[in-house]
Amino acid sequence: YDQRWYGKSDAPVSPFSFFEDLKSLVKALELKRVSVIGSSLGGSVAIDFALKYPELLKSLILVGPGLNGYPYPPDFMTETMNLYLTAYSEGPEVALEKVITNPFWGYFFPAPERQEARAKVVEIVRDAKKHFSWIKLAAVLEPFAKERLKEIHAPTLIILSGKDRDFNIEVGEYIHKEIENSTKVVIPDCGHLPCVEKPEEFNRIVLNFLKEAI
């Protein structure tokens, strides 16, 4: 589903919670227990959901996941703030073009030789103008998930990419260490979005895990 500010979903205009949105969706669809796949920010949402509503979780799949409470490195915070300043002073289109052209964000994009996948991610980024409207509105679970991962007992798969940022890999390794019932798989020669860059391999890994987990 498209989370708020993603895809066809509206940008938020009042305080909200990503993991409460997910819970509301599960209830609206009248699902009893679900397997949740979360990539990047979606990974942190999936973790918060797993901690708040373990009775609704069947299994958990985290792809280059974020983790609330795990501090970002200074260079990431600086580059992110520069993007927001650019968005407010020059417009979101200019800020998003900086994401595409700045080598710092290169890990996010498939390799140039994977033209179709790269074009798809570039298109997604250029369509992400709503991203600059939510930063002060999203609430996260407290206490932060970083200190509570041992509470997650559902079968968990962590998919990391060999060419992701070192920080993202570090977070994934930490999650794997903390969640006892977890499995880690690394997809080599791949950036931050393996579901786009190597979809066949990604799908095979996920489906094999689900067959065992459920």
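Would you confirm whether or not region 8-17 contains a residue that is within 21 Å of Ala145 (Cβ to Cβ), assigned to a loop (DSSP other than H, G, I, E, B), open to solvent by 30 Å² or more (accessible area, probe 1.4 Å) and without any contact (Cβ under 8 Å) to a residue 24 or more places away in the chain? No, the conditions are met nowhere in region 8-17. Screening region 41-63 for residues that are in contact with a Pro (Cβ under 7 Å, 6 or more places away or on another chain) and among the small types (Gly, Ala, Ser) and picking the one that is surrounded by the fewest Cβ atoms within 10 Å (Cβ to Cβ) gives Ser59. Within region 64-72, does at least one residue satisfy the condition of being of a type in the set (S, T, N, Q) and either part of a strand (DSSP E or B) or open to solvent by 40 Å² or more (accessible area, probe 1.4 Å) (or both)? No, region 64-72 contains no residue that is of a type in the set (S, T, N, Q) and either part of a strand (DSSP E or B) or open to solvent by 40 Å² or more (accessible area, probe 1.4 Å) (or both).
Once region 18-39 is narrowed to residues that are in a helix (DSSP H, G or I) and acidic (Asp, Glu), the residue that is nearest to Ser133 (Cα to Cα) is Asp21.
For Thr101, the criteria (1) open to solvent by 90 Å² or more (accessible area, probe 1.4 Å); (2) touching an Asp or Glu at 6+ places or on another chain (Cβ under 8 Å) hold in every case but one, which is (2). Ala139 meets the conditions (1) surrounded by 13 or more Cβ atoms within 10 Å (Cβ to Cβ); (2) among the aliphatic types (A, V, I, L, M); (3) at pLDDT below 95 in every case but one. The failed one is (1).
For region 18-40, enumerate the residues that are surrounded by fewer than 19 Cβ atoms within 10 Å (Cβ to Cβ), among the small types (Gly, Ala, Ser) and at negative phi. Ser24, Ala28, Ser35 - these are the residues of region 18-40 that are surrounded by fewer than 19 Cβ atoms within 10 Å (Cβ to Cβ), among the small types (Gly, Ala, Ser) and at negative phi. Answer yes if at least one residue in region 184-196 is of a type outside the set (S, T, N, Q), open to solvent by 20 Å² or more (accessible area, probe 1.4 Å), touching a Pro at 6+ places or on another chain (Cβ under 9 Å) and touching a residue at least 40 places away in the same chain (Cβ under 8 Å), and no otherwise. Yes, region 184-196 has at least one match.
The values are calculated or read from the model by the stated rules, or taken from the named source; none is laboratory data. These numbers come from a predicted model, not from an experiment. Heads up, the Cβs are rebuilt from the backbone with ideal geometry, glycines too, and the neighbour counts pull from every protein chain shown. The area values use the complete protein model at the heavy-atom level, side chains included, leaving out ligands, DNA and RNA. Shrake-Rupley method; radii C 1.70, N 1.55, O 1.52, S 1.80 Å.
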